[in-house]
Amino acid sequence: MALKLTISAFAEGATIPKQYTCDGADRSPALAWSGEPEGTKSFTLIMDDPDAPVGTWNHWLLYDLPAGVHALAEGFKPGDAGVSGTNDFGRLGYGGPCPPPRHGTHRYFFKLFAVDVPSLGLKAGARRAELDRVLKGHVLAEARYMGKYERR
C-alpha cells in the first residue's frame, strides 16, 4: 500500500475553503494519512505554493512527527506534535493561502514524507532550506494533496 494523504475539508485539486485561508480564520485543515512503508520512524509535512510571484512560498513546515501519529486536527498549533519550522510569513506553524489579489489561482501542495529517522536533528524554527538539506537521503515515501485558492 502506498503512502496516502487525505484532507476531508476539500477534494484533491479543488478550491480550499475560505476558513483555511488568510481571508478566513487561517486555521489548518484536518489531515490524515496511512500506508507508510516499513521502517518509517517519523513524518515531515511541507505545505507550499509554487505559484507565488517571488518563487515557491512555504506555508507550513512540520517535522519529527512521531511514526504513531497519523492525523492532525483542524487548527493544529505548534507544540501539538512534532517540531514546527518557520514559514515564509516569518512565524511557526500554519499560514494559510494568501495569494496577491487578482494574481490568479494558486496551487497549494501538502507534501507528507515518511522518514527513516525519529529526528532530523533540527531545532524549532528551521527554514525550508535547512529542512530540505537534512531530509535528503531519509525519505522512504512521499504523498501529496493539492488544493487551489484565488483572491479577488
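We did not get these values from a lab; they are worked out from the coordinates using the rules stated. This one's a predicted model, so the numbers in the text were calculated from it and none came from an experiment. All Cβ positions, even for glycine, are placed from backbone atoms using ideal geometry, and neighbour counts span all protein chains on display.
Listing for the model above:
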{"item": "Single condition Leu65 does not satisfy, out of (1) loosely packed, with under 14 Cβ neighbours inside 10 Å; (2) in contact (Cβ under 8 Å) with a residue 12 or more places away in the chain", "result": "(1)"}
{"item": "Those residues of the range 83-105 which are of a type outside the set (Gly, Ala, Ser), out of contact with any strand residue (DSSP E or B) (no Cβ under 6 Å at 6 or more places or on another chain) and over 14 Å from Asp48 (Cα atoms), in sequence order", "result": "Arg91, Pro100, Pro101, Arg102, His103"}
{"item": "Set Phe76, Phe110: member being in a strand (DSSP E or B), under 16 Å from the mean Cα position of the chain (by Cα) and in contact (Cβ under 8 Å) with a residue 12 or more places away in the chain", "result": "Phe110"}
{"item": "Residue that is nearest to Val69 (Cα to Cα), among those in the range 120-132 that are more than 15 Å from the chain's Cα centre (by Cα) and surrounded by 13 or more Cβ atoms within 10 Å (Cβ to Cβ)", "result": "Leu120"}
{"item": "Boolean, Asp48 is surrounded by 15 or more Cβ atoms within 10 Å (Cβ to Cβ) and at positive phi", "result": "no"}
{"item": "Residue within the range 83-90 that is in contact with a Lys or Arg (Cβ under 6 Å, 6 or more places away or on another chain), in a strand (DSSP E or B) and closer than 20 Å to Val134 by Cβ present", "result": "yes"}
{"item": "Check on Ala30, surrounded by 15 or more Cβ atoms within 10 Å (Cβ to Cβ), touching a strand residue (DSSP E or B) at 6+ places or on another chain (Cβ under 8 Å) and of a type outside the set (Lys, Arg)", "result": "yes"}
{"item": "Among residues of the range 1-48, those that are part of a loop (DSSP other than H, G, I, E, B), among the charged types (D, E, K, R) and without any contact (Cβ under 8 Å) to a residue 40 or more places away in the chain, counted", "result": "1"}
